Amino acid sequence: MSLIENFRNIFKIEDLRDRILYVVGVLMVYRIGSYVTMPGVDASLLTSQQGDASSLLGLFDLFVGGAFSRAGVFALGIMPYITAAIIIQLMGAAVPYFQKLQREGEEGRRKINRLTRYGTVGITAVQAIGFAINLIATSPDAIVVTNATFIFTSIVVLTAGTTFVMWLGERITDRGIGNGISLLIMIGIIAVLPTNLMNEIQTTNNAIIVIIELAGLALVIASCVLLTQGTRKIPVQYAKRVVGRKVYGGTTQYLPIRVNAAGVMPIIFAQSIMFIPSTVGTFFPENQTVQWLTAWSSDFTGITYSIIFFIICVFFTFFYTAIAVNPKEMADTMKRQGGFIPGVRPGKQTVEFIDNILTKITLPGSLFLSFVAIMPAIVARMGVTPGFALFYGGTSLLIIVGVALDTLQQIESHLMMRHYDGFMKSGKIKGRRRA
């Protein structure tokens, strides 16, 4: 009854109700658009190999809610925007111009967003060419116009579709409950879950095995929640300051360092690298050598693929954590605010102390994250259908867990701000403070 009451509380708050209904409406537009077939394509003659869940193209199709295999106008979804954002973020760690923009506050953020949009258009145009060439090679009967016309229309339509999806995500962020881009990806992943679950039930045809698989999935989800929420708290003591008649400081607070500070980015980086042979293969569908390399790198259930993928994930976890977390900046901020770690001198020793702790917690975090990344391959080799196996780990599960927790926190803050109990009254969701 408490959960039902919490849902009622949401609709008692007019502003929160309007925001949620707005998000639902935008997500419906996005899902409807994924079923609109591109001009020049006969949907009834499309072959189904693009949606093969055992390939990386099938994984890409999962992120766009099946629009890729249906040759929809949203076939590339929001993934080009994610790629552009990653490139801009990496350049911010190496290029002085982007470092300057990151320090300029709101104005710099607007410029970075503008450059990300321009990069999205360019990346989408290039990927649209590969998509068109691959579709012509794999489903020539479905193309009802000339090849040159189809390639041109694909560039225009797919670029416009991705730009529109990007705009929808920004509208959710501005007028909804935040996490617009992430919500679009999550809804695309969840949209294909019922179909893959039904395929698993029909293929297995054994209720006990299905129940065991669902119990295992629940255990993996719980582990991902622990990985996402896990932090190492470093005690920080603040010195007392007398301002007028008031005394400030003199309290002990904690500096939280996340076990998985890199989030889902290492898996995305690793999959981007594994996507390279498949991307090259779309441009050369007749080359046997390229197609052999594409087939090898596209089978995510292969042992060699899993080992390489695991190693790349561990490497990028350390790499992205080094970019995202700066111990020197933490130590400088702490020093300016009059804080210090008990038993550690401010300055260089504080930087070394934080860096040492960060390294110690990043190692097990990276190993666990990499194990989650190859979990779909493990369960697929145990007999689970490839489509349903993708929900046992990897990017899809981490995105669902991460976005669900962030969205829950947004709703929680609205409820608590208006003196309502949130969903996680007895939980430990970040952002909630116990009275």
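General remarks:
- When each of K12/K111; K111/K360; K100/K335 is checked by Cα-Cα distance, pairs over 30 Å: K12/K111; K111/K360
- Taking all protein chains together and rolling a 1.4 Å probe, D42 ends up with roughly 50 Å² accessible.
- Shape call, region 77-215: gyration tensor on alpha carbons, a/c limit 1.5: oblate
- Solvent exposure of L46, expressed as accessible area, is near 30 Å², computed with a probe of 1.4 Å over the protein chains only.
- Normalised by 2.2 N^0.38 Å, where N is the number of residues, the C-alpha radius of gyration of region 297-367 stands at 1.55.
- Mean projection area, nm², convex hull over Cα of region 111-161: 3.5 nm²
- When you count the other C-beta atoms within 10 angstrom of each residue and take the mean per peptide, 136-146, 321-331, 155-165, 74-84 line up highest first as 74-84, 155-165, 321-331, 136-146.
- Mean separation of Cα contacts under 8 Å, 6 or more apart, over the residue count of region 139-262: relative contact order %: 13 percent
- Only protein heavy atoms count here; under a 1.4 Å probe, K12 has an accessible surface of about 120 Å².
- Of R171, R8, the order by accessible heavy-atom surface (1.4 Å probe, DNA, RNA and ligands excluded), from most exposed downward, is R8, R171.
The values are calculated or read from the model by the stated rules, or taken from the named source; none is laboratory data. This is a predicted model, so every value here is computed, not measured. Cβ coordinates were reconstructed from backbone atoms using ideal geometry, including for glycine residues, and neighbour counts include every protein chain displayed. When the accessible area is computed, the model is the full protein with side chains, heavy atoms only, and any ligands, DNA or RNA have been set aside. Shrake-Rupley method; radii C 1.70, N 1.55, O 1.52, S 1.80 Å.
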